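Peer 1: Following this message is one structure expressed as structure tokens.
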Amino acid sequence: MRIRKAVFPAAGFGTRFLPATKAIPKEMLPLVDKPLIQYAVEEAKASGLEEIIIVTGMGKTAIEDHFDTSFELEILLKERKKGDILKKIEEVSELVHFAYTRQKKPLGLGHAIGITRNLINSEPFAVFLGDDIIDSRVPVMKQMIGVYNKYKASVLAVQRVPRSQTHMYGMISGKKVAPGVYRVTGLVEKPKSNPPSNLAIIGRYILAPEIFQALDATRPGKGGEIQLTDALQILLKTREIYACEFEGERYDAGDKVGFLKANIAFALKHAETRVEIRKFLKGLKL
Ligand code: UTP
């Protein structure tokens, strides 16, 4: 079955960015001139996905407004003959088809995915955590769909991380079956010690629809939240899961340092900012 739908869980409180995220969703923080979430939406579109389901919560209406048409703004830009900006604005609302659902309480990433069940039905689907920004030649989800097409099973994006960071991620153990592809043999969420490998799960997934039954059976774990990794552990008992070590540079823009690094890296590539930013960075007396 073709992967057509993508879930974007975006109902978290973004506490690492407070006070910036008190009134603005983390997903709307700008990376040069586009909000974070738009990069992942563009990746989804470039990977051939057709429908995006965004899981929102309290205080997240700016996300819906961003991907909607803005009649007044478009009229204003037309009157002022700002055709180039107008085109960019129109393109955003025409990206793909959007649907929204609300998670009433932030009960965890697993819970956020679980509430999309009726919108997904029984087909495999993609999940994007929008604060993982990945700069790659081939969109990461497209790389993962390639693995899905071969093995017809759930696929997790993984990246090697230093030992000092393994306690921050869901970690997998796996058996290499092709270059950069592993058959997952075990998973553990944020291990305090003895990580099963240095392969960390990052914010892109292709999930078989059986994940919903696994989520039903998942009890609150770390932090009292329904953890996706725990549900994947249950799924692994009856279904194969694969991991794809993707090609690309990833920034954890949900964290202050990662967000600032991403802004510098993208500013050095952006046509309107690269020359000045390079000059500025070179002139810094560090
Ligand atoms: P994070 O762990 O990054 O949490 O969630 P957060 O709230 O966004 O940020 P911090 O850690 O407090 O700074 C991972 C992803 O899961 C979503 C978040 O929106 C983010 O995309 N999520 C998390 C939900 O949609 N619902 C939840 O209950 C928890």
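The values are calculated or read from the model by the stated rules, or taken from the named source; none is laboratory data. Please read all numbers here as calculations on a predicted model, not as lab measurements. Ideal geometry is used to build each Cβ from the backbone, glycine not excepted, and the neighbour counts take in all protein chains shown. Protein only, heavy atoms only, side chains kept; ligands, DNA and RNA dropped before computing areas. Shrake-Rupley method; radii C 1.70, N 1.55, O 1.52, S 1.80 Å.
Peer 1: When both residues are 6+ apart or on different chains and their Cβ atoms are under 6 Å apart, which pairs have a first residue that lies in segment 267-286 and is among the hydroxyl-bearing types (S, T, Y), and a second that is in a helix (DSSP H, G or I)?
Peer 2: Every condition considered, the pairs that remain are T273/A267.
Peer 1: Considering only strands (runs of 3 or more DSSP E) fully contained in segment 124-191, which possess at least 2 residues that are of a type in the set (A, V, I, L, M), away from the ligand (no atom under 16 Å from the Cβ) and farther than 22 Å from P9 by Cβ?
Peer 2: Result: 170-178.
Peer 1: Here's something else I'd like to know. Which number in (1) away from the ligand (no atom under 16 Å from the Cβ); (2) under 15 Å from the mean Cα position of the chain (by Cα); (3) within 30 Å of R219 (Cβ to Cβ) marks the one condition that Y242 misses?
Peer 2: (2)
Peer 1: Restricting the search to segment 72-86, which residues are surrounded by 11 or more Cβ atoms within 10 Å (Cβ to Cβ) and not aliphatic (A, V, I, L, M)?
Peer 2: Scanning segment 72-86 gives E74, K78, K82.
Peer 1: Only residues that are among the aliphatic types (A, V, I, L, M), farther than 24 Å from I3 by Cβ and surrounded by 18 or more Cβ atoms within 10 Å (Cβ to Cβ): list them for segment 162-202, please. Explain how you work it out, then say what you get.
Peer 2: Applying the first criterion (among the aliphatic types (A, V, I, L, M)) to segment 162-202 yields 168, 171-172, 177-178, 181, 184, 187-188, 199-202.
Within this subset, residues satisfying the condition of being farther than 24 Å from I3 by Cβ are 168, 171, 188.
Correct list: M171, V188.
Peer 1: Counting only residues that are part of a loop (DSSP other than H, G, I, E, B) and not small (G, A, S), which one in segment 262-281 is most open to solvent (accessible area, probe 1.4 Å)?
Peer 2: Taking the candidates together, the pick is E272.
Peer 1: Looking at segment 103-123, can you tell me whether even one residue there is surrounded by fewer than 22 Cβ atoms within 10 Å (Cβ to Cβ), charged (D, E, K, R) and in contact with a Phe, Trp or Tyr (Cβ under 6 Å, 6 or more places away or on another chain)?
Peer 2: yes
Peer 1: Now a separate question. Aliphatic (A, V, I, L, M) and under 18 Å from the mean Cα position of the chain (by Cα): is that true of L260 in this structure? Give the derivation first.
Peer 2: Details: aliphatic (A, V, I, L, M): yes; under 18 Å from the mean Cα position of the chain (by Cα): yes.
The answer is yes for L260.
Peer 1: Go through (1) more than 12 Å from the ligand (Cβ to nearest atom); (2) open to solvent by less than 80 Å² (accessible area, probe 1.4 Å) and name the single condition G59 misses.
Peer 2: So the condition that G59 fails would be (1).
Peer 1: Can you find even one residue in segment 192-210 that is among the basic types (K, R), at positive phi and in a loop (DSSP other than H, G, I, E, B)?
Peer 2: There is no residue in segment 192-210 that is among the basic types (K, R), at positive phi and in a loop (DSSP other than H, G, I, E, B).
Peer 1: Moving on. So, in segment 212-228, of the ones that are out of contact with any helix residue (DSSP H, G or I) (no Cβ under 8 Å at 6 or more places or on another chain) and modelled with pLDDT under 95, which residue ends up nearest to I113 (Cα to Cα)?
Peer 2: If we take residues in segment 212-228 being out of contact with any helix residue (DSSP H, G or I) (no Cβ under 8 Å at 6 or more places or on another chain) and modelled with pLDDT under 95, then P220 is nearest to I113 (Cα to Cα).
Peer 1: Oh, and also: Please tell me if G108 is within 20 Å of the chain's Cα centre (by Cα) and on the phi > 0 side of the Ramachandran plot.
Peer 2: It is true that G108 is within 20 Å of the chain's Cα centre (by Cα) and on the phi > 0 side of the Ramachandran plot.
Peer 1: Sticking with this structure for a sec: Working only within segment 1-48, note down all residues that are open to solvent by 50 Å² or more (accessible area, probe 1.4 Å), more than 16 Å from the ligand (Cβ to nearest atom) and in a loop (DSSP other than H, G, I, E, B).
Peer 2: M1, R2, R4, D33
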